[in-house]
Amino acid sequence: MKKSFATLVVAAVMLVGCGRGDGRLTKVSLDGEYAHKVDSVLKLMTLDEKIGQMNQYSCDALVTGPATRDEDKVQQIIDGRIGSMLNLIGAQKTREAQEFAMQSRLQIPLVFGLDVIHGMRTVYPLPLAEAASFDLDLIQRTAAGAAREAASQGIHWTFAPMVDIARDARWGRVMEGAGEDTWWGSRVAEARVHGFQGDDLSDTGTVMACVKHFAAYGAGIAGKDYNTVDMSDVTLHEIYLPPYEAGAKAGAATFMNSFNDINGIPATANEYIQRTLLKGDWGFRGFTVSDWGSIGEVVNHRYVADLKGAAEAAVLAGSDMDMESRAYVAHLKELVEDGTVPMEYIDDAVRRILLKKFELGLFDDPFRYCDEEREANTVLSPELRALSREAGDRSIVLLKNSSVLPLAEKPGTIALIGGLADSKADMIGFWANQGNIPAVVTVREGLEMRYPSSHILYAPGYDFESGMKTHEGEHLAQPVNPAKIAEAKAVASKADVVIVAVGERGDWSGESKSRADISVPADHQLLVQELKKTGKPVIVLVMCGRPVTFGDMEPSADAIVLTWWLGTEAGNAIADVLSGDYNPSGRLPITFPRVTGQCPIYYNHKSTGRPENDSWQYITSYTDVDYTPAYPFGFGLSYTTFEISEPKLEKSVFGMDEQIKAVVTVSNTGSVAGRETVQLYVRDEVASMTRNVKDLRGIVQVDLQPGESRDVEFVIGRDDLGFYNQKLEFITEPGEFTLMAGSNSRDVKGTKFTLE
Ligand code: NOJ
């Protein structure tokens with residue numbers, strides 16, 4: 001890259017979506033209570049001190065990216081060369097580091113960040129699992145619980161929520177988001193931002209949120225982590241960007257860049273998304289942080305020749321803080337001094353960072369989050385554990401049930417099979433680095449607390465070492481162990497019912513954990529088939545952090561319970577559902593394919609010129625597998641049954657700006673109380689751009705007693721019916737639409753109306 005970025009920025013080119021923005025610096029407006037304070041600090045700062053604020057290092061004790069180590073971090077803090085630390089944890093440790101910051105010339109406090117993704121010491125279900133609860137209030141409360149516990153340990157800032165839309169189950173990080181749907185992902189983004197941040201950043205029970213990874217990190221080609229993202233601007237704006245925008249508008253204090261390039265421009269150096277959209281159109285007043293080393297990786301993308309070029313590209317594009325690339329500390333001074341980077345770019349970044357430090361209350365008292373007593377009273381408190389159990393209950397999805405669940409009140413002898421049922425470490429899943437493993441309740445322990453332990457027999461069933469290993473090839477391809485299968489069958493034959501835990505290990509889904517084959521391991525599948533031969537009812541617990549395929553074991557399972565990774569209270573939550581103490585209410589926030597080759601598979605695809613149908617030839621499908629998924633988006637069973645009516649409208653023709661109210665009647669037609677998630681989808685029948693077959697636009701959850709019916713109301717408007725045209729204008733066209741209501745994206749009943 002030969003041209004100077006500054007030249008490009010001032011040229012104000014407007015090439016939508018390609019990385020060049022419109023040349024605006026997008027200065028943060030500081031008219032609030034801290035305007036004067038921020039500027040008074042800024043005025044005192046040398047260029048070195050300003051660059052120091054834009055520099056973030058990891059604590060050497062915990063590294064969550066390619067490690068860099070320094071002997072003299074303490075001295076660098078004292079010299080004002082570090083503005084933030086990540087991975088430094090604990091009231092005492094953060095206090096010690098903050099004391100060094102107080103020895104610096106201007107005594108600007110450090111801000112401490114950490115990946116608090118689904119809990120701190122108390123771990124909640126994986127974000128994807130929790131999205132299956134379809135319960136925004138719960139999602140907000142667990143984020144608030146995680147924030148309270150993290151803040152009590154000196155943390156000011158979580159690198160969450162991840163709001164990347166994920167349509168490809170091969171991608172390991174699907175576990176960290178809300179799944180495949182844009183509307184639902186946007187609602188979850190808002191709930192998590194509100195949960196982490198509360199109403200007031202200076203409340204010592206809250207932390208700053210960080211919406212990540214900006215942008216479209218979930219769309220890496222072939223589901224490979226960090227991979228290229230290449231898509232139309234329309235798809236970027238319609239499918240991928242809305243959850244980030246929702247997070248920004250919910251008031252997220254920070255954003256994190258993504259590793260990927262988007263249509264040829266690395267996200268970290270992408271001026272269009274950071275300045276034109278985020279800091280311009282969306283009015284974001286926070287600061288952006290790079291992902292770990294992502295400024296340096298702009299060189300690997302071959303977008304710039306060296307680290308200096310990367311620093312220039314990133315800062316001009318709007319990346320305010322450098323996480324672990326060391327590009328800003330190494331090169332920004334020179335770039336400012338030779339006039340390549342105007343000082344106002346540095347000042348804007350530093351203003352944004354200082355503003356958040358003021359809002360956190362750190363200038364009033366830099367030690368306000370370092371309170372050992374509060375830490376001791378908060379960590380793993382009974383209240384947080386109860387919340388984890390509640391979230392676990394609601395995240396479980398019942399996928400199949402041939403009348404074997406719930407278990408009878410006296411189920412007789414239970415054969416519990418599978419090493420996963422006896423593992424603590426796996427239950428917390430990925431991105432729970434601080435989770436307290438000894439505190440985890442295993443499935444075995446949960447069942448032993450619910451039923452007399454003498455009635456529970458256990459066998460591991462497959463090779464399984466206790467504790468969680470790092471993912472290695474042999475892990476994924478464990479050979480069948482005939483002796484363990486024989487032992488499990490012998491145990492099963494002594495029991496009245498068999499419960500078998502299969503699936504991934506806790507660390508098989510997560511960062512850099514993409515899989516080319518997402519099937520349940522072959523030895524687990526065989527185990528289920530062999531157990532079925534005992535003639536006993538077989539209940540399969542599927543544990544995973546992403547959609548998996550069930551292969552040959554599916555017909556041998558009398559029931560399939562998707563338990564994901566549920567965190568600290570996993571065993572209790574699973575026992576709650578198996579026993580019927582909690583009637584399962586989770587619904588899939590992501591499509592489960594039949595085979596990996598169907599990936600990416602998602603419900604809101606286009607019709608195509610040869611729409612899917614049941615003839616096998618010359619349609620958009622495969623010759624060797626059905627075109628339908630194994631389980632569609634929104635799917636989940638209950639111990640009761642529900643009936644959902646078509647949407648009822650007051651009239652069939654609406655004006656463009658009218659609110660459209662739809663009433664749906666939902667009835668509990670079974671014999672126990674239960675919770676249904678009524679889903680509303682829309683479809684634009686004919687439009688000037690090809691449209692998705694349907695799109696989710698609302699959900700309502702209802703708790704119903706047996707025989708009870710209720711009317712639920714949905715209200716939608718023109719924005720719910722619109723789309724981006726080729727000029728990237730958001731438009732709503734008059735014409736015919738169908739509103740559909742149902743219990744999942746496949747089983748819906750529709751009503752047509754016309755928009756004039
Ligand atoms: C890399 C990950 O992509 C990001 O999500 C995380 O916040 C950072 N590492 C820091 O651990």
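Derivation of every value follows stated rules applied to the coordinates shown; laboratory data play no part. Here the structure is a predicted model, which is why all the values come from computation and not from measurement. Positions of Cβ are backbone-derived with ideal geometry, glycine not excepted, and every protein chain shown enters the neighbour counts.
Would you compute, for the Cα atoms of the chain, the largest minus smallest coordinate along each principal axis and list the three values in descending order, in whole Å?
The Cα atoms of the chain stretch 78, 62, 44 Å along the principal axes, largest first.
Return the FRET efficiency for the residue pair Asp200, Asn433: r is the Cβ-Cβ distance, R0 is 30 Å, and the value is rounded to the nearest 0.05. Write down the numbers at each step before the final one.
Working: r = 27 Å, r/R0 = 0.91.
Working from the Cβ atoms, E equals 0.65.
Quick one: go through region 81-120 and flag any residue whose amide nitrogen is under 15 Å from the point 7 Å out along the Cα-to-Cβ line of Asp365.
Taking a point 7 Å out along Cα→Cβ of Asp365, the residues of region 81-120 whose backbone N falls under 15 Å are 95.
Taking region 562-619, which chymotrypsin sites (Phe, Trp or Tyr not before Pro) meet the DSSP loop condition and have no more than 11 other C-beta atoms within 10 Å? List each step's numbers first, then the result.
On the way: sites: Trp564, Trp565, Tyr582, Tyr602, Tyr603, Trp616, Tyr618; in loops: Trp564, Trp565, Tyr582, Tyr602, Tyr603, Trp616, Tyr618.
Those satisfying the criteria are Trp616, Tyr618.
What ³J(HN,Hα) values, in whole Hz, does the Karplus curve 6.51 cos²θ - 1.76 cosθ + 1.60 give for region 252-257 when θ = phi - 60°, with x put for Gly and Pro?
3, 6, 9, 10, 10, 5
Could you give the length gained on full extension between Thr228 and Thr623, defined as 0.36 nm per residue of separation minus the Cα-Cα distance, in nm?
Details: separation 395, 0.36 × 395 = 142.20 nm, distance 2.89 nm.
Full-extension gain reported as 139.3 nm.
Per 0.36 nm of contour for each residue apart, how much would the distance between Val672 and Glu99 grow if the chain were fully extended, relative to their Cα-Cα spacing? Display every interim value, and only then the final one.
Values: separation 573, 0.36 × 573 = 206.28 nm, distance 5.86 nm.
Answer, rounded to one decimal: 200.4 nm.
Residues with amide H under 5 Å of Val111's amide H, sequence separation 5 or more or different chain, H placed in the peptide plane at 1.01 Å from N; which?
Here Ser84, Met85 satisfy the definition.
Please list, or write none, the lysines whose alpha carbon is within less than 25 Å of the alpha carbon of Lys532, excluding same-chain residues fewer than 8 places away.
Counting by Cα, and skipping residues close in sequence, Lys532 has these lysines nearby: Lys400, Lys410, Lys484, Lys489, Lys494.
I need two numbers for region 88-238: Rg to one decimal and Dmax as a whole number, Cα atoms only, in Å.
Reported Rg and Dmax, both Å: 17.0, 51.
Could I have the simple spin-label model distance between Ser402 and Ser454, label points 7 Å from Cα toward Cβ, reported in nm to one decimal?
So the two model labels end up 3.3 nm from each other.
With runs of 4+ DSSP H residues as the only contributors, calculate the mean residue ellipticity of the chain at 222 nm using -39,500 (n - 2.57) per run, divided by the residue total and rounded to the nearest 500. Each step should come with its number before you reach the end.
Working: 20 runs with 195 residues, N = 756.
Computed ellipticity for the chain at 222 nm equals -7500 deg cm²/dmol.
In what sequence do Trp171, Trp184 fall when counting other Cβ within 10 Å, fewest first? Write out the running numbers ahead of the final one.
Values: Trp171 29, Trp184 24.
The fewest-first ordering by Cβ neighbours comes to Trp184, Trp171.
With viscosity set to 1.567 mPa s at 4 °C, what whole-number translational diffusion coefficient in µm²/s follows for region 255-367 from Stokes-Einstein and a Kirkwood radius over Cα pairs?
Details: Rh = 14.2 Å.
Diffusion coefficient, whole number: 91 µm²/s.
Per 0.36 nm of contour for each residue apart, how much would the distance between Thr754 and Thr641 grow if the chain were fully extended, relative to their Cα-Cα spacing?
Values: separation 113, 0.36 × 113 = 40.68 nm, distance 3.27 nm.
Full extension of this stretch gives 37.4 nm more.
In terms of Cα to Cα distance under 21 Å, which lysines are near enough to Lys224, apart from those fewer than 8 places away along the same chain?
Of all the lysines, those that pass the test against Lys224 - Cα under 21 Å, at least 8 places apart if same chain - are Lys212, Lys513.
Order these peptides, 284-297, 101-114, 721-734, by their mean beta-carbon neighbour count within 10 angstrom, highest first.
On the way: 284-297: 25.7, 101-114: 20.2, 721-734: 15.0.
With the highest mean Cβ count within 10 Å placed first, the list reads 284-297, 101-114, 721-734.
Roughly how many debye, to the nearest 20, is the charge dipole of region 35-184 about its Cα centre, given +1 on each Lys and Arg Cβ, -1 on each Asp and Glu Cβ, and no other charges? Can you show the working numbers first?
Working: 15 positive and 20 negative charges, 68 e Å.
Its charge dipole is roughly 320 debye.
Can you work out ³J(HN,Hα) from phi for every residue in region 129-145, in order, using Karplus 6.51 cos²θ - 1.76 cosθ + 1.60 and θ = phi - 60°, giving whole Hz and x for Gly and Pro?
So the J values, rounded to whole Hz, are 4, 5, 4, 5, 5, 6, 10, 5, 5, 4, 4, 5, 5, 5, 4, 5, x.
Mind putting a number on the dipole of region 647-702 about its Cα centre? Charges go on the C-beta only, +1 for Lys and Arg and -1 for Asp and Glu, and I need it in Debye to the nearest 20. Show your work: numbers first, answer last.
Values: 8 positive and 7 negative charges, 33 e Å.
That gives a dipole near 160 debye.
Please name which of Ile716, Ala486, Tyr57 has its Cα lying farthest along the dipole of the chain towards the positive end, using unit charges on Cβ (Lys, Arg +1; Asp, Glu -1) and the Cα centre as origin.
Ala486
Antiparallel as a % of all DSSP beta bridges within the chain, to the nearest 5? Write down the numbers at each step before the final one.
Details: 48 of 89 bridges.
Percent antiparallel among DSSP bridges in the chain is about 55.
Taking a point 7 angstrom from the Cα of Ile221 along the C-beta vector, which residues in region 228-247 have backbone N less than 12 Å away?
228-231
For region 491-630, just run the numbers: alpha carbon Rg, then divide by 2.2 N^0.38 Å, N being how many residues it has.
Values: Rg = 17.2 Å, N = 140, 2.2 N^0.38 = 14.4 Å.
Here the Cα radius of gyration is 1.19 times the empirical estimate.
For the residue pair Ala490 and Arg710, what label-to-label distance in nm results when each label sits 7 Å from Cα along the Cα-to-beta-carbon direction?
My value for the distance between the label points is 5.2 nm.
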